[in-house]
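The structure under discussion appears below in the form of C-alpha cells.
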C-alpha cells in the first residue's frame, strides 16, 4: 500500500493512505489532504493511481494548474510525474514523503566471516 507522510520540522505530523481514485491536495475541504496555506491553491495537485501492463500499480503526481506549482525532490513538475519510494513532494511550503511498500527492497542477510586477525570480521560484499 502506498501513502504519503506529512513532515513538519522533520517530524511526522500526518499519514494519508492513497486508495481508490487517488489523493487530492488543496486548500478547501473537498480535498482529501486539506492544507491551510495561502501558497496552496484551492485544488492544487493530485496523485493518480495507474496500472501498467503487468498489473503493477503506479502512482503519478499531477499539478492541477496551481499558481505556485508542485515539486518532487525540489524539481517543479510540468506534467504528470511518476512517484518513487521516498520522493519528497512539496505543495506550497508543505513537505510530504511518498512511501510505497511495494518498492521497498528488504536488505539481504549477509554472511559475516571472522578473519584470522582477532576482532576483525568481513563479508564477501
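If you take the residues in the range 7-24 that are within 24 Å of residue 78 (Cβ to Cβ) and in a strand (DSSP E or B), which one is modelled with the lowest pLDDT? Full working, then the answer.
Keep residues of the range 7-24 that are within 24 Å of residue 78 (Cβ to Cβ), which gives 18, 21-24.
With the extra rule that they be in a strand (DSSP E or B), the set shrinks to 22-24.
Details: 22: 90, 23: 94, 24: 95.
Taking the candidates together, the pick is 22.
Going by the conditions given, is residue 37 surrounded by fewer than 16 Cβ atoms within 10 Å (Cβ to Cβ), in contact (Cβ under 8 Å) with a residue 24 or more places away in the chain and over 14 Å from residue 100 (Cβ atoms)?
Answer is yes for this residue.
Please indicate, with yes or no, whether at least one residue in the range 25-33 is within 13 Å of residue 98 (Cβ to Cβ) and assigned to a strand (DSSP E or B).
The answer is yes, given that some residue of the range 25-33 is within 13 Å of residue 98 (Cβ to Cβ) and assigned to a strand (DSSP E or B).
Might you let me know whether the range 25-32 holds any residue that is under 14 Å from the mean Cα position of the chain (by Cα) and crowded, with 19+ Cβ neighbours inside 10 Å?
Yes, there is a match, as at least one residue in the range 25-32 is under 14 Å from the mean Cα position of the chain (by Cα) and crowded, with 19+ Cβ neighbours inside 10 Å.
Would you say residue 84 is outside any strand (DSSP E or B), under 30 Å from residue 123 (Cβ atoms) and at pLDDT below 90?
In short, no.
Report every pair of residues separated by at least 6 positions or lying on different chains whose Cβ atoms are under 7 Å apart, first residue within the range 73-86 and touching a residue at least 12 places away in the same chain (Cβ under 8 Å), second loosely packed, with under 11 Cβ neighbours inside 10 Å and in a loop (DSSP other than H, G, I, E, B).
85/104
Regarding the range 106-125, can at least one residue be identified that is assigned to a loop (DSSP other than H, G, I, E, B) and either under 13 Å from the mean Cα position of the chain (by Cα) or modelled with pLDDT of 90 or more (or both)?
No, the range 106-125 has no match at all.
Suppose we filter the range 34-45 for residues that are at pLDDT below 95 and either in contact with a helix residue (DSSP H, G or I) (Cβ under 7 Å, 6 or more places away or on another chain) or assigned to a strand (DSSP E or B) (or both); how many remain?
Number of matching residues: 1.
Taking the range 43-72, which residues are exposed (fewer than 13 other Cβ atoms within 10 Å of the Cβ) and at negative phi?
If the condition is that a residue be exposed (fewer than 13 other Cβ atoms within 10 Å of the Cβ) and at negative phi, then 50, 51, 52, 53, 54, 56, 67 are the ones that fit.
Only one residue in 95, 68, 48 is over 18 Å from residue 20 (Cβ atoms) and not in a loop (DSSP other than H, G, I, E, B), so which one is that?
Criteria check complete, one pass: 95.
The values are calculated or read from the model by the stated rules, or taken from the named source; none is laboratory data. This one's a predicted model, so the numbers in the text were calculated from it and none came from an experiment. Neighbour counts are summed over all protein chains in view; Cβ atoms, including those assigned to glycine, are modelled from backbone coordinates with ideal geometry.
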